[in-house]
Amino acid sequence: MSSQSKARRMKPRGQDWKQKAQRAWQALMQGEQSGKLGDFTTPMRVIPISLLATAIGVFSAFVALALLRLIGLFTNLFFFGRWKTEMITPQGNHLGAWVILVPVAGALIIGNMARYGSERIRGHGIPEAIEAILINGSRIEPKVALLKPLSSAISIGSGGPFGAEGPIIMTGGAFGSMIAQLFHLTSTERKTLLVAGAAGGMSATFASPVAAVLLAVELLLFEWKPRSLIPVALASAAAAAMRRYLLGVGPLFPTAPHPIFIGPAGLAGCVLVGLLAGLLSTLMTLSVYAAEDAFAKLPIHWMWWPAIGGLAIGIGGYIFPEALGVGYDVIGKLLAGEGTLHLILGVLIIKWTIWAVSLGSGTSGGVLAPLLMMGGAVGGLAAMFLPGEGAGFWPLVGMGAILGGTMRSPFTGIIFAVELTHDVNMLLPLLVASMIAHGFTVLTLRRSILTEKLERRGYHLSREYAVDPLEILFVREVMRTNVLALPATVTLNDLAHLVKTDHRRGQRLLPVVDENGSLVGVLTRNEVQKFLRDHGPEQAAATLADLARPNPVEAYPNESLRVIVHRMAETGITRFPVVEPGASRKLLGIVSLDDLLKARVRNLEEERRRETVLPVRFRFPGVASVPEGSLKD
């Protein structure tokens, strides 16, 4: 053999080695471990995604700083006519009755920005981020990343009763999505980076890195997997660390430590506050969408709706100036125990009213800070007749409870309240109140204030997390073993008698096996009937080994049913032969889509069937026991 001929034969081998190495690397990066099951399915790609998410977290801190400076700038311009970027409350302005027109002016600007810029800037940010994740493949337009913070800064700066967290979450997510779109990533990886930007923005704004991660898990990720949790957590941590150099350290609302244990009376008070917060959460959610429905009936274009909402803000702000703007100063007063009855009622009546009307009008702004303020007011009202547990105790309980009820994110509410104050002694009271409020709204409302907007756009969202029953059931538990297997040596002349005498008519996939029971190929019942109908004399002696389709898609007994479902979705085939792993490929049975549905029915039976496993029988001295089943209705 010539050297040139050797070279031609060696080249494919080298190429084959490179292709195998490339496939092995891709399998490692994608977490493809055939036949191996573990607690988590985390690919090695989590490492580069985490590094990218960390960089996005750092960048999100600068985004948060820019938005806060923009809010401060527009607040100073609208109410004081000066060029400063420091955060300041609109209270103390000298505009008099002219203050009514300030929110109207800001709303007119926002309406035009939404109509001629992007309609996506309308709303409070989080529903729009959810929609981008679920519907748009985690893609957010670049212009949204610019217009959303600008419109939100104008809205809040002109007196809008909103918080900065929703716009920051949307803006941070937008920049995270934009950065992700520069790389060759999957939709799931883009989602992770979008949420990393959102969590980073919230973490930098409130100095609440853990609560930001919990918010991401409870509201944005729709999964609890290391592949997304780790990058998002690192992004949040990076943003919190960068905040130290940009905005200073937390907490945002420092309070003196409260009692570590408050006793049965105090816990009963937490239950009461949780119920009140749940009721308020329900009413606030209904009021926002009642206002939205009322605006939808107006015979004018939606770009003018924010101006009408701005008029309501102006009138409310003229009556009760504390209702204007973000309201961090009001939250601080409530947590310091300085909430007077006038302040509490002003928040619960005027702040709530203008917030619901303006939010229903479609203007731009967040809901988290207003919820904290109204939850603090509920707690402050309850503090007038509940046991005294220290200044700001009940307002803080109300804040955590209102987040658990309105946003349906109880753990976020608990940890967020703790991180805002650094008072870890509040964990138990917050746990009780937040869960009670959460349970109240879950039982009384189908949707939260965030997901209701998505439903009105025609989308359904489920926020229940559970282990998929197909994940913990194996092929060996549901496969059919009583199956017809065709010998590979059978000819077409003998096949007709073999098929006619078999009574398993429901079996559509017919495996073909050799003398050792190893799988040779497969045929479908339709293919067999076609061969029997159409074959000629020259094909009569053909064996099934010649006719069967070799190398069919297979299943293995120790694979989970979730793997099988994914394989069916990828191949479009709904029936697999089950074989022993390894070289023998001995046929063990068949698994089909019907078998997977039977496994799902088994899970439904476990959820719905009620039975007394350990019956208790009472015996009294001198009284004979009644035999079971002797009592009739």
Worksheet, complete the sentence: Every listed condition ((1) within 22 Å of S364 (Cα to Cα); (2) assigned to a loop (DSSP other than H, G, I, E, B)) holds for N76 save (2)
Fill in: The listed residue being in the same structural domain as A377 (by TED's automatic domain parsing) and either surrounded by fewer than 23 Cβ atoms within 10 Å (Cβ to Cβ) or touching a helix residue (DSSP H, G or I) at 6+ places or on another chain (Cβ under 9 Å) (or both), out of A488, A417
A417
Discussion item. Where the second residue is of a type in the set (D, E) and the first is more than 18 Å from L298 (Cβ to Cβ) and lies in region 348-374, which pairs have Cβ atoms under 6 Å and are six or more apart or on separate chains?
Written reply: G366/E165; L368/E165
Discussion item. Of everything in region 378-393, what is closer than 15 Å to F253 by Cα and either in contact with a strand residue (DSSP E or B) (Cβ under 6 Å, 6 or more places away or on another chain) or crowded, with 24+ Cβ neighbours inside 10 Å (or both)? Give them in sequence order.
Written reply: G392, F393
Worksheet item: If you take the residues in region 432-450 that are hydroxyl-bearing (S, T, Y) and modelled with pLDDT of 90 or more, which one is farthest from G263 (Cα to Cα)?
Response: T444
Practice prompt. For region 292-303, name all the residues that are surrounded by fewer than 17 Cβ atoms within 10 Å (Cβ to Cβ) and either in a helix (DSSP H, G or I) or of a type in the set (V, I, T) (or both).
Written response: D293, A294, A296, I300, W302
Worksheet item: Which one of these does N425 not meet: (1) out of contact with any helix residue (DSSP H, G or I) (no Cβ under 7 Å at 6 or more places or on another chain); (2) in contact (Cβ under 8 Å) with a residue 60 or more places away in the chain; (3) under 16 Å from V273 (Cβ atoms)?
Response: (3)
Item to complete: Check whether at least one residue in region 570-578 is at pLDDT 75 or above, in a helix (DSSP H, G or I) and out of contact with any strand residue (DSSP E or B) (no Cβ under 6 Å at 6 or more places or on another chain), and report yes or no.
Response: yes
Worksheet item: Any residue in region 403-412 that is crowded, with 21+ Cβ neighbours inside 10 Å, more than 25 Å from the chain's Cα centre (by Cα) and either in the same structural domain as S281 (by TED's automatic domain parsing) or at negative phi (or both)?
Response: no
Worksheet item: Within the group G332, G365, G375, which residue is surrounded by 24 or more Cβ atoms within 10 Å (Cβ to Cβ) and closer than 14 Å to F253 by Cβ?
Response: G375
Worksheet item: Out of the residues in region 533-557 that are closer than 30 Å to V475 by Cβ and of a type in the set (D, E, K, R), which is modelled with the lowest pLDDT?
Response: D546
Discussion item. More than 34 Å from the chain's Cα centre (by Cα) and at pLDDT below 90: is that true of K36 in this structure?
Written reply: no
Item to complete: Starting from residues that are of a type in the set (G, A, S) and modelled with pLDDT of 75 or more, keep the ones in region 135-154 and report whichever is surrounded by the most Cβ atoms within 10 Å (Cβ to Cβ).
Response: S152
Item to complete: Being in a helix (DSSP H, G or I), of a type in the set (A, V, I, L, M) and over 21 Å from G413 (Cα atoms) is the filter here, so list the residues in region 135-174 that pass it.
Response: V144, A145, L146, L147, L150, A153, I154, I156, A174
Discussion item. Please verify whether L443 is exposed (fewer than 14 other Cβ atoms within 10 Å of the Cβ), assigned by TED's automatic domain parsing to the domain that holds D293 and of a type in the set (A, V, I, L, M, F, W, C), treating the condition exactly as stated.
Written reply: yes
Worksheet, complete the sentence: Per the filter on region 235-268, residues out of contact with any Pro (no Cβ under 6 Å at 6 or more places or on another chain), buried (at least 19 other Cβ atoms within 10 Å of the Cβ), more than 30 Å from A383 (Cα to Cα) and of a type outside the set (D, E, K, R) are A235, A238, A239, M242
Practice prompt. Return only the number of the condition from (1) part of a helix (DSSP H, G or I); (2) at pLDDT 90 or above that M384 does not satisfy.
Written response: (1)
Practice prompt. Among the residues of region 209-225, write down those that are surrounded by fewer than 24 Cβ atoms within 10 Å (Cβ to Cβ) and either modelled with pLDDT of 90 or more or not assigned by TED's automatic domain parsing to the domain that holds I56 (or both).
Written response: V210, L214
Practice prompt. Among the residues of region 313-348, count how many are out of contact with any Ser or Thr (no Cβ under 9 Å at 6 or more places or on another chain), closer than 20 Å to G400 by Cα and in a helix (DSSP H, G or I).
Written response: 8
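The values are calculated or read from the model by the stated rules, or taken from the named source; none is laboratory data. Model, not experiment: these values are computed from the prediction. We place every Cβ from the backbone using ideal geometry, glycine too, and count neighbours over all the protein chains shown.
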